Each structure stands twice: as C-alpha cells, then as structure tokens.
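Pasting a structure here, questions to come.
The values are calculated or read from the model by the stated rules, or taken from the named source; none is laboratory data. Nothing here was measured: the structure is a model prediction, and the numbers come from that model. Note that we place each Cβ from the backbone using ideal geometry, even for glycine, and neighbour counts take in every protein chain shown. Each accessible area value is taken on the protein alone, full model and side chains, heavy atoms only, with ligands, DNA and RNA left out. Shrake-Rupley method; radii C 1.70, N 1.55, O 1.52, S 1.80 Å.
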Amino acid sequence: MGLRERKKEKTRLAILDAALDLFLEQGYESTTVEQIAGAVDISPRTFFRYFTSKDHLVLWFHDHGEEIMLETLDSRPEDEPAFTSLMHALRAVLHDVESSTPEETERFLKLRRLLDGQPRLVGLSVARGAETERHLVEAVAARRGVDPDEDQLSHLIVAFASCAMRVGFECPRRDATVPEISRRMAETIELAERSLRPGWDR
C-alpha cells in the first residue's frame, strides 16, 4: 500500500475498534454513529466514507472473507474441479485467520462476543453470508461455463463449501480461542473433502 492507502486503512481500523468497544460497553442499539466518530476524532460525514452504517461495521469480516475467496478462486487453474478450488479458497481464509496479528485476533473475538448477544445482528450476518454465496455461485458458474441462474450444480458446490465453513467457524464453545477455531476449521475442510466422491462436481 502507498502512504494514502495506509492512512485510510489505519482510520478504518480505528473506527472499527472504537465501535466494537462501544458496542460491548454500552450496547449496540445505544451506540450512535456520532459517538463512534467522536471516539476517533472524526466527523460523522467522515465515518460514512468508510462504512455505510453501524450494521456495516458488524459485517466487515464478510467483506474481507469474500474478497479473499473470490481472489483465490480467480487464481486457481481453469481445469481444476470447482469444489477443489473452493476448498483452496476456504484454506486461504483460514490462513488469513491463522496469520492474524494480536490486534486482528482481538477484533475477531470482540465481534464474536457481540454477535452472541444480538440475534438481529446474527440475522444480518446470515443475510450477508447468503450474498457472498450468490457471488461465489456466479464465480463457480463462470469457471464452469454455465448460467448461474440455471445450473443447480454450481449452487450445490457452493452450498457444500459454505456448510463446511459454517461448521468450522461455529465452534460450540463460546470462549473458544482463535487457534481452536482454526483447528476446527482445518479439520472440517479435510472432512468435507474426504466425504465427497472425486469428480462429483464436474
């Protein structure tokens, strides 16, 4: 990144960290955009240059994960089976989690705690995840040279991969550490690959 991009990223993360702290301290609904902006000494107008709303703050990890998966899919060999490519995309997300800085890890755990106490936010997260699945279906269908609206197999390939990611990340223990979540994710990816007959996604 250039200097300008680094400064923008620093501001974005400062907003995100301030928001998560305020959400956990005084409640999501009680926290305003004005309070978040004030905590990092910016105007509400500047806040909206980085995030479209409070809800967008909570869904930032979907944006990040989707970007990693789509970039990984785009980099895979064209003749590689689609499900195999998606498993590589999940491993790229896993690698991103495992290589997180302490600050990034703390940010992830704070978000997890926030979602645990906010059913509405969980619903928003599920809806955003469905949007990611649609984007992945489009990418998989493009790799296979089929119409994403008509090809059921592309949808099924993405559904299997999404289930594997969900099972991996939704560790039953709410106090699970990032290494525990990462290990569960890696095991789930391997289990998904072993459970399906080679060539089913052709």
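So Pro77 clears everything in (1) farther than 22 Å from Ala192 by Cα; (2) assigned to a loop (DSSP other than H, G, I, E, B) except one condition, right? Which one?
The failed condition is (1).
What's the number of the condition Gly117 fails, among (1) touching a Phe, Trp or Tyr at 6+ places or on another chain (Cβ under 9 Å); (2) in contact (Cβ under 8 Å) with a residue 12 or more places away in the chain?
(2)
A follow-up question, please. Within the range 148-178, can you find the residues that are open to solvent by 70 Å² or more (accessible area, probe 1.4 Å) and either aromatic (Phe, Trp, Tyr) or under 17 Å from the mean Cα position of the chain (by Cα) (or both)?
Phe160, Arg166, Val167, Glu170
Of the residues in the range 116-142, how many are open to solvent by 30 Å² or more (accessible area, probe 1.4 Å) and farther than 27 Å from Glu193 by Cβ?
9
Now for a different question. Give me the pairs, please: first residue somewhere in the range 18-29 and closer than 11 Å to Leu115 by Cβ, second residue anywhere and among the hydroxyl-bearing types (Ser, Thr, Tyr) and crowded, with 18+ Cβ neighbours inside 10 Å, beta-carbon distance under 7 Å, and either six or more positions apart or on two chains.
Phe23/Thr31
Then there's this: Filter the range 27-67 for residues that are open to solvent by 40 Å² or more (accessible area, probe 1.4 Å), part of a helix (DSSP H, G or I) and of a type in the set (Ser, Thr, Tyr) and give the result.
If the condition is that a residue be open to solvent by 40 Å² or more (accessible area, probe 1.4 Å), part of a helix (DSSP H, G or I) and of a type in the set (Ser, Thr, Tyr), then Tyr50 is the only one that fits.
With the requirement that a residue be outside any helix (DSSP H, G or I) and β-branched (Val, Ile, Thr), what does the range 93-103 give you?
Thr101
Please pick out the residue among Leu24, Leu90, Leu70 that is part of a helix (DSSP H, G or I), touching a helix residue (DSSP H, G or I) at 6+ places or on another chain (Cβ under 7 Å), under 30 Å from Ser195 (Cα atoms) and open to solvent by 50 Å² or more (accessible area, probe 1.4 Å). I'd like the intermediate steps shown before the answer.
Working: Leu24 fails: under 30 Å from Ser195 (Cα atoms); Leu90 fails: open to solvent by 50 Å² or more (accessible area, probe 1.4 Å).
Answer to the check: Leu70.
Condition check: out of contact with any strand residue (DSSP E or B) (no Cβ under 8 Å at 6 or more places or on another chain), on the phi > 0 side of the Ramachandran plot and either open to solvent by 40 Å² or more (accessible area, probe 1.4 Å) or of a type outside the set (Gly, Ala, Ser) (or both). Does Gly145 satisfy that?
Judged against the criteria, Gly145 is a match.
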